[in-house]
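The values are calculated or read from the model by the stated rules, or taken from the named source; none is laboratory data. Values in this document were obtained by computation on a predicted structure and should not be read as measured data. Virtual Cβ from ideal backbone geometry, glycine too; neighbours counted across all protein chains shown. These accessible areas exclude ligands, DNA and RNA; they are computed on the full protein's heavy atoms, side chains included. Shrake-Rupley method; radii C 1.70, N 1.55, O 1.52, S 1.80 Å.
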Amino acid sequence: MRSYTRYISKMVAGNGLLYPILGFASCVAFIYMSFGNLWLVYHEEPELPFVTRNGTQFMLDGRPFYINGWNSYWLMDHSVEEDRKPRVSAMLEAGAKMGLTVCRTWAFNDGGYNALQVSPGRFDERVFKALDYVIAEARQHGIRLLLSLVNNLKPYGGKTQYVKWAWEEGVGLSSSNDSFFFDPTIKRYFKNYVKTLLTRKNTITGIEYRNDPSIFGWELMNEPRCMSDPSGDTLQDWIEEMSAFVKSIDKNHLLTVGLEGFYGPKNPKRLTVNPEDWASTFGSDFVRNSKVPDIDFASVHIYPDHWIQGRTFEEKLTFVSKWMLSHIEDGHYELGKPVFFTEYGFSNLNNDFQHSQRDQFYKTILHIIYKSAKRKRAGAGALVWQFFVQGMEDFNDDFGIVPWEISSTYRSFIEQSCRLAKIQGTLLQNQNFRELCLQSQ
């Protein structure tokens, strides 16, 4: 562009009539230098393939795809405000440098501060643009996003907010939070939200969300529970209806429920694998819920500190191994689908907490995923809860970490990324990543 401007200048020196051309060229040059790089970044990229599945395996570009990744639920929230926005890019860049490939984050904020959905069917374009930015940035860093559509819990609105909206409008059938799953008005609210989200055209990339392969997949709800119906029928009906609705709009992306993985009251494993008796009373059932035809993969969480009380660290690790192997077995023999451990965390509030225990907990999970991948079983990957960058203490809980602040933890995740890349045959494709793996040996 600069050489073209010099060429125009020489012509102008010989012919004053060309001054308007110089002005035009300078204007074009200014626009290009100001905005051209942004356009090139988001529009001149090779086509990305969608992640698909073949039986119990995730597939990417004709190869099995095993996932080492993380949770950063806060990405959209931070993208709304300019002073916090750089943390989003920093987190995605850091994940990419560790060889991580999938990040799970919230694609919802219902009511309250910086709400995406301010009220039923009413959206804040400023917040939607923040989500556009998250998706575009993830694409830039080679990270795919697992986007959750609503919360079972109260933070960021959740099903409580939907029920409140219907109740305040005088159309709700019940003030119970579980009416989210059966009230026709609330289900209509949610379907409208889902349709708006999936058909959203990204203002940065120009790609509708449903057509964007940088989105790994959708999660119907974070940790769904319907305790008013422990038989599980109410939640099962909701999963069947909503999964079919999502697929009627978007057939490109994978879909999961968002389960914690508890076995229901009719499953014999409730007695031998569930953490305690209470786990079968939440109206969910891992196998039954995950068998729904429009659900592409099963999701499971791992929180031994919250689930089993009065156990030693060694007993917790034994539970983790049994929990994971049981669900991988279900995926292989019962479901014929991948099993994705979309949250796992170890609390620092334990009385005897040590970083070495957390490292051992992580390594146990990562090793089971590695062994499953090596044997081509259903264990498709795991996402740690949760990663931050520096200066985010207010958003932390008893599980969050800044991974590079603890060298042993950082090294464990890099080693897992390298092991999985080697199994997939993708280690040689990325020079920087290959060098990283050589350094970690």
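So, in segment 207-222, exactly how many residues are assigned to a loop (DSSP other than H, G, I, E, B) and surrounded by fewer than 18 Cβ atoms within 10 Å (Cβ to Cβ)? Within segment 207-222, residues that are assigned to a loop (DSSP other than H, G, I, E, B) and surrounded by fewer than 18 Cβ atoms within 10 Å (Cβ to Cβ) number 1. None of Lys322, Lys316 is open to solvent by 30 Å² or more (accessible area, probe 1.4 Å), of a type in the set (Lys, Arg), modelled with pLDDT of 95 or more and assigned to a helix (DSSP H, G or I) except Lys322. Restricting Arg411, Arg377 to residues that are of a type in the set (D, E, K, R), under 23 Å from the mean Cα position of the chain (by Cα) and farther than 22 Å from Ala96 by Cα narrows the list to Arg377.
Quick grid of which residues meet (1) farther than 25 Å from Ser299 by Cα; (2) of a type in the set (Asp, Glu); (3) surrounded by fewer than 18 Cβ atoms within 10 Å (Cβ to Cβ):
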{"position": "Thr101", "(1), (2), (3)": "no, no, no"}
{"position": "Gly112", "(1), (2), (3)": "yes, no, yes"}
{"position": "Glu125", "(1), (2), (3)": "yes, yes, yes"}
{"position": "Leu149", "(1), (2), (3)": "no, no, no"}
{"position": "Lys154", "(1), (2), (3)": "no, no, yes"}
{"position": "Gly157", "(1), (2), (3)": "no, no, no"}
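For segment 88-115, give me each residue that is over 12 Å from Met76 (Cβ atoms) and assigned to a helix (DSSP H, G or I). Passing the criteria: Ser89, Ala90, Met91, Leu92, Glu93, Ala94, Gly95, Ala96, Lys97.
In summary, helices (runs of 4 or more DSSP H) completely within segment 335-441 and bearing 1 or more residues that are modelled with pLDDT of 95 or more and surrounded by 16 or more Cβ atoms within 10 Å (Cβ to Cβ) occur at 355-374, 407-424. All of His253, His306, His301 fail the test of being open to solvent by 20 Å² or more (accessible area, probe 1.4 Å) and either without any contact (Cβ under 8 Å) to a residue 12 or more places away in the chain or closer than 23 Å to Trp70 by Cβ (or both), apart from His306. Given the criteria open to solvent by 10 Å² or more (accessible area, probe 1.4 Å), more than 30 Å from Gln357 (Cβ to Cβ) and assigned to a helix (DSSP H, G or I), does Arg288 qualify? Against the criterion (open to solvent by 10 Å² or more (accessible area, probe 1.4 Å), more than 30 Å from Gln357 (Cβ to Cβ) and assigned to a helix (DSSP H, G or I)), Arg288 qualifies. Of all residues in segment 334-360, those that are within 13 Å of Val320 (Cβ to Cβ) have Cβ atoms under 6 Å from Cβ atoms of residues that are among the basic types (Lys, Arg) and buried (at least 16 other Cβ atoms within 10 Å of the Cβ), 6 or more apart or on another chain, in Phe346/Arg358. Of all residues in segment 268-288, those that are within 11 Å of Met227 (Cα to Cα) have Cβ atoms under 8 Å from Cβ atoms of residues that are polar (S, T, N, Q) and open to solvent by 10 Å² or more (accessible area, probe 1.4 Å), 6 or more apart or on another chain, in Ser280/Asn267; Ser280/Asn274; Gly283/Ser228; Gly283/Ser231; Gly283/Thr234. Please verify whether segment 54-62 includes one or more residues that are at pLDDT below 95 and either within 26 Å of Phe341 (Cα to Cα) or surrounded by 16 or more Cβ atoms within 10 Å (Cβ to Cβ) (or both). Within segment 54-62 (the criterion being at pLDDT below 95 and either within 26 Å of Phe341 (Cα to Cα) or surrounded by 16 or more Cβ atoms within 10 Å (Cβ to Cβ) (or both)), the answer is yes, since at least one residue qualifies. Residue count for segment 193-226, restricted to those that are closer than 23 Å to Phe341 by Cα and aliphatic (A, V, I, L, M): 3. Residue count for segment 135-167 under the criterion of being over 20 Å from Leu60 (Cα atoms), part of a strand (DSSP E or B) and either out of contact with any Gly (no Cβ under 7 Å at 6 or more places or on another chain) or not hydroxyl-bearing (Ser, Thr, Tyr) (or both): the result is 1.
Beta carbons closer than 9 Å, at least 6 apart along the sequence or on distinct chains, pair a first residue in segment 162-181 that is surrounded by 15 or more Cβ atoms within 10 Å (Cβ to Cβ) with a second that is assigned to a loop (DSSP other than H, G, I, E, B) and of a type in the set (Lys, Arg) for Asn177/Lys154; Asp178/Arg225.
Given the criteria touching a helix residue (DSSP H, G or I) at 6+ places or on another chain (Cβ under 9 Å), open to solvent by 10 Å² or more (accessible area, probe 1.4 Å), assigned to a loop (DSSP other than H, G, I, E, B) and at negative phi, does Arg270 qualify? In short, no.
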